[in-house]
Amino acid sequence: MNEYWDRELETITPGGLERLQLERFNETIQRARRSKFYKKRLPDRLKSLEHVKDIPLTTKQDLRTGFPDGFLTVGLEDVIRLHSSSGTTGRATVIYHTRRDIDNWTELVARSMYMTGVRRGDVFQNMMGYGLFTGGLGLHYGSERLGALTIPASSGNSKRQIRLMRDFGTTVIHITPSYALHLYSIFEEEGLNPRQDLNLRIAFLGAEPYSNEIRKKIEELYGLDAFNSYGLSEMNGPGVAFECTEKDGMHLWEDSYFLEVIDPETGECLEDGHEGEMVLTTLMREGMPIIRYRTGDIASVYTETCACGRTHRRISRIKGRSDDMLIIKGVNIYPMQIEKVLMDMPEVGHNYLIELERVDYLDTIKVKVEVRQEIFHGKATELEGLKREVAENLKNEILITPRVVLVEPNSLPKSEGKAIRVVDKRTTGAD
Amino acid sequence: MASQVTVFVENRPGRISKIARILGDNGLNIRAITISDRGEYGLVNIITNDPDRAYKVLSKEGLSVSRQNVIAIIIEDHPGALSDVTEYLNRSSINVANAYGFILQSREKAVLILEVDDFEKAQQVIRGGGYHTLTKRELHNL
């Protein structure tokens with residue numbers, strides 16, 4: 001199916017792309033220099049893209065330090081939306097969008113969805129959380145732009161999801177892979193077979209890492225084509241890179257993002273084909289341009305061209321992180337966030353271990369807390385109270401309710417230097 | 001007054017035998033033992049002939065232990081004796097958090113152990129009812 005949403009841009013020649021990128025990079029520099037953060041960090045203009053590597057990198061920490069408006073290049077009256085990371089511990093980041101930013105982002109998402117085969121006439125059920133999370137609103141806008149009938153179902157409430165799919169003949173879904181697997185068990189309970197009882201043909205699986213086996217399993221269970229995608233809120237959200245119908249690597253939209261891959265240790269730029277940390281620059285964003293952003297995501301760039309005819313380079317699945325960020329139920333969490341909450345509770349202190357598990361395809365966080373002599377008074381009610389308090393405090397910080405398990409004193413690994421207090425027992429997502 | 005030690009244990013094999021071994025090795029006699037099961041963990045309540053030493057040796061082995069005053073009432077070992085006591089407590093509005101018992105001499109005397117919210121008040125009520133409660137010394141000499 002060689003049809004394009006924007007043939008000219010999607011099949012642009014390498015030379016044409018380079019000229020476009022240089023022009024947009026220089027426009028981005030001009031805009032970015034109006035922000036407090038980039039004012040003195042950038043050259044006047046680049047003579048060629050060769051010189052991009054001389055610009056200093058921007059990190060997540062820079063975004064935190066610049067919170068809330070250090071990166072803003074326009075007045076707040078020109079901003080029509082913001083997306084912010086969770087976090088009550090002052091580690092928040094925020095991304096501001098002007099009207100044109102939302103418009104460009106929407107265009108990229110529509111282009112991506114169209115590339116997988118979504119058309120006017122499709123019924124798109126968006127089962128991702130709306131709100132500050134970019135995945136929900138991002139695809140919602142893209143789907144409307146494309147002209148599909150959009151159902152803003154949001155996440156959860158499995159029976160209602162199934163009802164909606166049946167009542168309105170949903171053909172396209174946006175869902176986390178773990179929820180897709182979980183939902184299948186609900187179909188079974190209801191005595192339904194998604195292959196026969198639904199009209200699904202396309203699924204966008206996102207927000208958490210998953211293997212190719214899981215993709216195939218979901219395709220088989222539901223009788224549809226599942227597509228992988230890549231996005232991060234710092235780069236708008238979904239629509240940075242998407243698979244085409246070849247399902248072999250994700251086309252990164254290079255008219256809107258400048259892609260580099262670096263050695264995370266040395267910061268040196270790597271050739272295509274080599275695995276490293278992706279560094280991205282927004283080429284279109286007005287309100288809050290970000291230049292040479294360290295994504296923390298490890299991937300490689302394909303060297304071959306794609307049979308679909310699109311010239312934008314493809315990236316591999318994300319192989320891991322260059323930092324310790326965890327993705328749990330689609331939420332980005334740093335172990336530090338969990339640690340801070342627990343350390344702030346004198347009853348808990350250093351005596352805990354966090355285990356990530358996948359139970360019935362769903363991510364769970366288990367927090368093991370040692371019941372030391374000092375906090376033990378022989379009362380079960382007191383211990384149950386502690387469990388509740390730990391669970392509530394963590395929920396406030398990371399938005400996920402953990403399972404708290406009390407264990408005997410000295411049963412957890414002792415902290416020697418930098419203790420490993422997070423154990424990820426989930427099977428790895430990357431291929 | 002009598003006291004019990006309570007040990008925090010994870011719900012996995014070998015925890016009771018560990019406690020029994022520690023007490024046995026230290027020459028301590030177990031009068032009664034009960035477990036309140038809380039799912040992944042449990043609380044083991046133990047009456048021994050020497051609660052102070054039981055507390056010390058179990059703590060020394062790295063277990064989380066607490067000590068608590070309990071009421072140990074001597075009752076007759078015959079049908080209906082337990083209901084007499086509990087009905088009396090009920091009338092006196094004593095709330096019992098946990099209760100268990102053991103027999104001293106078959107068909108003669110038994111001991112009822114009560115964990116109560118308000119120890120002082122319960123103590124008075126029990127004595128006022130003409131019941132005999134075991135002292136630390138009596139418990140030791142059983």
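The values are calculated or read from the model by the stated rules, or taken from the named source; none is laboratory data. All of these numbers come straight from a predicted model, not from anything done at the bench. Every residue, glycine among them, receives a Cβ derived from its backbone with ideal geometry; neighbour counts consider all protein chains shown.
For segment A:380-400, check the following and say yes or no: at least one residue is part of a loop (DSSP other than H, G, I, E, B), out of contact with any Asp or Glu (no Cβ under 7 Å at 6 or more places or on another chain), under 24 Å from A:Gly206 (Cβ atoms) and at pLDDT 80 or above. Yes, segment A:380-400 contains a residue that is part of a loop (DSSP other than H, G, I, E, B), out of contact with any Asp or Glu (no Cβ under 7 Å at 6 or more places or on another chain), under 24 Å from A:Gly206 (Cβ atoms) and at pLDDT 80 or above. Is segment A:87-110 home to any residue that is surrounded by fewer than 14 Cβ atoms within 10 Å (Cβ to Cβ) and in contact with a Ser or Thr (Cβ under 9 Å, 6 or more places away or on another chain)? No - not one qualifying residue is present in segment A:87-110. Take the conditions (1) more than 10 Å from chain A (Cβ to nearest Cβ); (2) surrounded by 14 or more Cβ atoms within 10 Å (Cβ to Cβ); (3) outside any loop (DSSP other than H, G, I, E, B); B:Ile94 misses just one of them, which is (3).
For (1) in contact (Cβ under 8 Å) with a residue 24 or more places away in the chain; (2) assigned to a strand (DSSP E or B), each residue gets a yes or a no:
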{"residue": "A:Tyr38", "(1), (2)": "yes, no"}
{"residue": "A:Pro56", "(1), (2)": "yes, no"}
{"residue": "A:Tyr96", "(1), (2)": "yes, yes"}
{"residue": "A:Asp103", "(1), (2)": "no, no"}
{"residue": "A:Val109", "(1), (2)": "yes, no"}
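Within segment A:123-134, at least one residue is at pLDDT below 95, surrounded by 22 or more Cβ atoms within 10 Å (Cβ to Cβ) and assigned to a helix (DSSP H, G or I). Condition first: away from chain B (no Cβ under 14 Å) and at pLDDT 80 or above. Now tell me which residues in segment A:408-425 satisfy that. Within segment A:408-425, A:Val423, A:Asp424, A:Lys425 qualify. The set of residues from segment A:94-145 being among the acidic types (Asp, Glu) and within 19 Å of the chain's Cα centre (by Cα) comprises A:Asp101, A:Glu107.
Let's see how each residue does on (1) assigned to a loop (DSSP other than H, G, I, E, B); (2) hydrophobic (A, V, I, L, M, F, W, C); (3) more than 30 Å from A:Val79 (Cβ to Cβ):
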{"site": "A:Glu254", "(1), (2), (3)": "yes, no, no"}
{"site": "A:Met288", "(1), (2), (3)": "yes, yes, no"}
{"site": "A:Cys306", "(1), (2), (3)": "yes, yes, yes"}
{"site": "A:Ile327", "(1), (2), (3)": "no, yes, no"}
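Residue check: A:Glu389 meets all listed conditions (1) under 25 Å from B:Asn98 (Cβ atoms); (2) surrounded by 14 or more Cβ atoms within 10 Å (Cβ to Cβ); (3) within 33 Å of the chain's Cα centre (by Cα); (4) within 14 Å of chain B (Cβ to nearest Cβ) but one, namely (4). Picking from residues in segment A:85-122 that are of a type in the set (Ser, Thr, Tyr) and at pLDDT 95 or above, the one that is nearest to A:Glu392 (Cα to Cα) is A:Tyr96.
Taking strands (runs of 3 or more DSSP E) as the structural unit, those lying wholly within segment B:16-84 and holding at least 1 residues that are within 14 Å of chain A (Cβ to nearest Cβ) and at pLDDT 95 or above correspond to B:41-48, B:65-76. Is it the case, given these coordinates, that A:Arg314 is of a type in the set (D, E, K, R), under 21 Å from the mean Cα position of the chain (by Cα), buried (at least 21 other Cβ atoms within 10 Å of the Cβ) and on the phi < 0 side of the Ramachandran plot? Yes; evaluated as a whole, the condition is true for this residue. Which of the residues that make up segment A:222-235 are at pLDDT 95 or above and among the hydrophobic types (A, V, I, L, M, F, W, C)? Residues satisfying the conditions are A:Leu224, A:Ala226, A:Phe227, A:Met235. Of all the criteria given as (1) without any contact (Cβ under 8 Å) to a residue 12 or more places away in the chain; (2) exposed (fewer than 15 other Cβ atoms within 10 Å of the Cβ), the one not satisfied by B:Ser59 is (2). Among the residues of segment B:102-113, those identified as buried (at least 17 other Cβ atoms within 10 Å of the Cβ) and either more than 14 Å from chain A (Cβ to nearest Cβ) or over 20 Å from B:Thr135 (Cβ atoms) (or both) are B:Ala110, B:Val111, B:Leu112. Could we say that B:Ile16 is crowded, with 17+ Cβ neighbours inside 10 Å and within 30 Å of A:Val367 (Cβ to Cβ) here? When the stated conditions are applied, B:Ile16 does not pass them. Cβ-Cβ contacts under 6 Å between residues 6 or more apart (or on different chains), taken from a first residue in segment A:395-407 that is within 29 Å of B:Leu43 (Cβ to Cβ) and at the interface with chain B (Cβ under 10 Å from one of its Cβ atoms) to a second residue that is assigned to a strand (DSSP E or B) and β-branched (Val, Ile, Thr), are listed as A:Val404/A:Val367; A:Leu406/A:Val369.
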